[in-house]
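Novice: This structure is in structure tokens; I'll ask about it shortly.
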Amino acid sequence: MDRLEAYRRIVQKLLQEYSQIPYAHGKIDQELVFDKERDHYELLSIGWEGARRIHHSVIHIDIRGDKVWLQQDNTDAAIAEELVERGIPKTDIVLGFQPEHRRPYTGYAVA
């Protein structure tokens, strides 16, 4: 199997699993957004918590070139570590939410 195709499957499966975790309170739906043509994958929380509107990016991952870019991780889990455990090497994961000058110190790819 092609390496990037394996990465796509890993990312999609991870997000599908996280989408099954119910929101703790409020009427919140978990919505998966997979743009397979542009390699954009996102898990959103959407709904209402009382009178407060919720529209929140929980996890956002893009595949750019040959790297997996973790753009957002609003979980209590370490999504980057889960990606590694599932078979994506640290050298192929960019922590996009980290400023460029900090990335060399993260233990993950710079870009």
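The values are calculated or read from the model by the stated rules, or taken from the named source; none is laboratory data. Values in this document were obtained by computation on a predicted structure and should not be read as measured data. With ideal geometry, Cβ positions are generated from the backbone for all residues, glycine too; neighbour counts draw on all protein chains shown. Just so you know, the surface numbers come from the protein's heavy atoms only, side chains and all, with ligands and any DNA or RNA stripped out. Shrake-Rupley method; radii C 1.70, N 1.55, O 1.52, S 1.80 Å.
Novice: Since W48 meets every condition but one in (1) outside any helix (DSSP H, G or I); (2) under 12 Å from L15 (Cα atoms), which condition does it not meet?
Specialist: Here W48 clears every test but (2).
Novice: Residues being surrounded by fewer than 18 Cβ atoms within 10 Å (Cβ to Cβ) and of a type in the set (D, E): count how many of those fall in segment 59-80.
Specialist: Going through segment 59-80 one residue at a time, the tally reaches 2.
Novice: While we're looking at this one, here's another question. All but one of (1) closer than 22 Å to D2 by Cβ; (2) open to solvent by less than 40 Å² (accessible area, probe 1.4 Å); (3) not charged (D, E, K, R) hold for L43; state the number of the condition that does not hold.
Specialist: In the conditions (1) closer than 22 Å to D2 by Cβ; (2) open to solvent by less than 40 Å² (accessible area, probe 1.4 Å); (3) not charged (D, E, K, R), L43 misses (1) alone.
Novice: Would you please name the residue that is least open to solvent (accessible area, probe 1.4 Å), looking only at residues in segment 1-32 that are within 13 Å of L44 (Cα to Cα), outside any helix (DSSP H, G or I) and not hydrophobic (A, V, I, L, M, F, W, C)?
Specialist: Only one residue fits best here, namely Q30.
Novice: Output the residues belonging to segment 67-94 that are within 10 Å of the chain's Cα centre (by Cα) and in a strand (DSSP E or B).
Specialist: V68, W69, L70, Q71, Q72, D73
Novice: While we're here: For segment 81-111, name all the residues that are crowded, with 19+ Cβ neighbours inside 10 Å, farther than 16 Å from L4 by Cα and of a type in the set (A, V, I, L, M).
Specialist: Of everything in segment 81-111, just one residue is crowded, with 19+ Cβ neighbours inside 10 Å, farther than 16 Å from L4 by Cα and of a type in the set (A, V, I, L, M), namely L95.
Novice: Can you tell me which residue in segment 48-66 is farthest from A6 (Cα to Cα), limited to those that are in contact (Cβ under 8 Å) with a residue 40 or more places away in the chain and within 13 Å of the chain's Cα centre (by Cα)? Lay out the reasoning, then the answer.
Specialist: Of all residues in segment 48-66, those in contact (Cβ under 8 Å) with a residue 40 or more places away in the chain come to 58-59, 61, 63, 66.
Okay, now just the ones that are also within 13 Å of the chain's Cα centre (by Cα), so 58-59, 61, 63.
Working: V58: 22, I59: 19, I61: 14, I63: 12 Å.
Taking the candidates together, the pick is V58.
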